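Written below as structure tokens is the structure these notes are about.
The values are calculated or read from the model by the stated rules, or taken from the named source; none is laboratory data. Since we're looking at a predicted model, the values are computed, not measured. Counting neighbours? That spans all protein chains shown, and the Cβs are built from the backbone with ideal geometry, glycine included. Just the protein is used for accessible areas: all its heavy atoms, side chains included, with ligands, DNA and RNA removed. Shrake-Rupley method; radii C 1.70, N 1.55, O 1.52, S 1.80 Å.
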Amino acid sequence: MSVWGKFRGAMASHHIAGLAAFLALGCSGGEVKIVDPPPTGSSGLKITIAPEPADQSFAQLLGWTSGIPGAEIRVTPLDSTVGRSQTFTADASGSASVSGLAPEQYVVEARRLLSASELAKFGTGRDPTGFAGRGTIHVSPTVSSAIVTIPASRRRSLLINEVSWQAVFQALPDGATYYDNGFIEMYNNSDTIIHLDGMTIGQPINIFRNYPDFPCSMFERFRNDATGIWAQVIFVFPGAGQDYPLAPGKLVVVAQDAIDHSGIFPGLPDLSGAAFEFTGRPGDVDNPASANLISRGGYTAPHGMLNMSLGGTIFVAAPVNFADLESGRDPRNDNVLSKFPAATILDTFSTVFPNDDYPENPYCSELVNRAFDRETGKFFSESRGSFQISQSRRSIGVTADSRPIVQSTRSSAMDFVNGPFSPGRM
């Protein structure tokens with residue numbers, strides 16, 4: 001197993017060193033800072049991984065005075081013909097020295113989990129579990145060092161743990177595509193019971209490409225608002241307040257349709273045991289054993305949620321008073337949008353296809369403001385069996401009583417990975 005692989009299942013406690021190459025600001029909250037360019041012709045590169053400014057207080061409590069010690073670092077060229085990924089472990093100052101890199105842009109990914117003794121230094125309500133993030137650097141003979149800052153991973157509370165929402169192309173007898181095999185799995189990553197009653201699962205305004213008639217700029221107010229998420233689709237968990245408890249370390253599945261989809265097309269999931277399902281327009285299937293989420297305005301698709309066959313975003317929000325929400329109008333069709341304030345947003349997930357096959361209509365710079373998702377994932381695929389792949393959140397450790405702890409840096413690209421769907425199972 002590689003150093004990178006060992007890192008994911010272990011608690012580390014070292015430091016990183018160095019300062020490396022430049023400019024392109026990273027993703028997932030990563031920031032790159034140029035430091036002291038050397039004379040032209042220098043080939044060595046020093047990369048330092050440091051906490052984001054907002055998380056410096058955590059580093060101070062841990063006694064880290066420079067970078068993040070023991071961080072596991074992966075350096076990957078954006079151009080795969082240049083070379084392969086290389087992995088390094090940061091030294092006690094948070095740095096790693098790299099040599100032999102060709103002049104090119106590279107993605108620097110870094111992760112560092114906290115040990116049990118380090119976690120014990122934080123008081124109640126201070127919940128970092130480690131650090132994870134990435135940035136993009138540009139290697140050249142004139143740059144010898146750079147700092148990449150990464151955010152803390154937090155415990156938070158109710159999180160999206162798995163999303164499986166890719167269509168099955170030409171699945172139906174008439175050759176039509178099947179869209180309604182999707183599900184969302186929620187996880188209680190905290191140490192206390194969470195009551196799902198009144199929680200919202202929603203979808204923001206579904207604009208993520210730049211079209212001549214509907215450019216990204218037309219929707220900037222709704223698509224890129226740091227003060228809240230403008231919802232196009234809104235579903236609320238039923239219950240009067242404490243009817244649907246979710247214990248720490250437990251999962252719950254919300255299905256688009258809570259049926260056995262394998263009878264429609266081989267290999268699709270059996271979601272007949274899902275605890276909840278979305279409700280669509282009249283005629284939508286209804287499993288009486290699954291509690292129905294309630295539509296609370298906005299757009300309702302035939303089976304509930306908008307299909308995400310081309311990409312999109314899902315968010316989870318704490319209970320709100322809907323009468324207090326600010327409203328707006330979709331510039332395309334005048335549908336009502338509702339703004340969920342930033343303080344109510346518990347989690348988000350977003351994804352598009354990794355390859356942009358329509359350069360004339362490029363993706364917008366973000367699907368939702370970076371305050372909620374630092375970097376959109378690029379998970380979807382057009383391969384025939386892609387409907388059996390889901391996006392699952394990384395598990396990065398366990399609690400003292402063996403409950404999984406999952407990564408949460410508010411970055412879909414960093415927090416989730418592709419794998420076989422597994423509704424109801426970690």
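Data overview
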quantity: Only one of Asp286, Asp257 that is crowded, with 18+ Cβ neighbours inside 10 Å, modelled with pLDDT of 95 or more and farther than 20 Å from Met426 by Cα; calculated: Asp257
quantity: Meets criteria (surrounded by fewer than 17 Cβ atoms within 10 Å (Cβ to Cβ) and either farther than 28 Å from Asn189 by Cα or under 22 Å from the mean Cα position of the chain (by Cα) (or both)) for Pro245; calculated: no
quantity: Odd one out for Lys33, checked against (1) in a loop (DSSP other than H, G, I, E, B); (2) modelled with pLDDT under 55; (3) touching a strand residue (DSSP E or B) at 6+ places or on another chain (Cβ under 9 Å); calculated: (1)
quantity: Candidate set from segment 301-340 (those that are basic (Lys, Arg) and touching a strand residue (DSSP E or B) at 6+ places or on another chain (Cβ under 8 Å)); member that is surrounded by the fewest Cβ atoms within 10 Å (Cβ to Cβ); calculated: Arg329
quantity: Residue match in segment 264-275 (condition: of a type outside the set (S, T, N, Q), free of Cβ contacts under 8 Å to residues at least 40 places away in the same chain and under 26 Å from Arg155 (Cα atoms)); calculated: yes
quantity: Matching residues in segment 248-263 - criterion: being among the small types (Gly, Ala, Ser), assigned to a loop (DSSP other than H, G, I, E, B) and either touching a residue at least 40 places away in the same chain (Cβ under 8 Å) or within 26 Å of Asp401 (Cβ to Cβ) (or both); calculated: Gly249
quantity: Candidates Ala240, Ala176, filtered to the one that is open to solvent by 30 Å² or more (accessible area, probe 1.4 Å), at pLDDT below 95, closer than 25 Å to Thr300 by Cβ and among the aliphatic types (A, V, I, L, M); calculated: Ala176
quantity: Filtered residue count, segment 193-247, keeping only those that are assigned to a loop (DSSP other than H, G, I, E, B) and in contact (Cβ under 8 Å) with a residue 24 or more places away in the chain; calculated: 25
quantity: Pairs, first over 16 Å from Phe131 (Cβ atoms) in segment 81-101, second open to solvent by less than 70 Å² (accessible area, probe 1.4 Å) and of a type in the set (Asp, Glu), C-beta under 8 Å, six or more apart; calculated: Val82/Glu104; Thr87/Glu72
quantity: Residue within segment 147-161 that is over 28 Å from Pro404 (Cα atoms), modelled with pLDDT under 95, out of contact with any Ser or Thr (no Cβ under 9 Å at 6 or more places or on another chain) and outside any helix (DSSP H, G or I) present; calculated: no
quantity: Unmet criterion (only one of (1) in contact with a strand residue (DSSP E or B) (Cβ under 9 Å, 6 or more places away or on another chain); (2) among the hydroxyl-bearing types (Ser, Thr, Tyr); (3) in contact (Cβ under 8 Å) with a residue 40 or more places away in the chain) for Ser383; calculated: (3)
quantity: Residue among Phe265, Phe235 that alone is open to solvent by less than 20 Å² (accessible area, probe 1.4 Å) and either over 15 Å from His303 (Cα atoms) or not small (Gly, Ala, Ser) (or both); calculated: Phe235
quantity: Filter result for Phe214 (surrounded by fewer than 17 Cβ atoms within 10 Å (Cβ to Cβ), more than 21 Å from the chain's Cα centre (by Cα) and under 23 Å from Met305 (Cα atoms)); calculated: yes
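So that you can scan it fast, the table gives a plain yes or no per residue for (1) surrounded by 15 or more Cβ atoms within 10 Å (Cβ to Cβ); (2) assigned to a loop (DSSP other than H, G, I, E, B):
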site: Asp357; (1), (2): no, yes
site: Glu360; (1), (2): no, yes
site: Leu367; (1), (2): yes, yes
site: Arg370; (1), (2): yes, yes
site: Ser390; (1), (2): yes, no
site: Gly397; (1), (2): yes, no
site: Ala400; (1), (2): no, yes
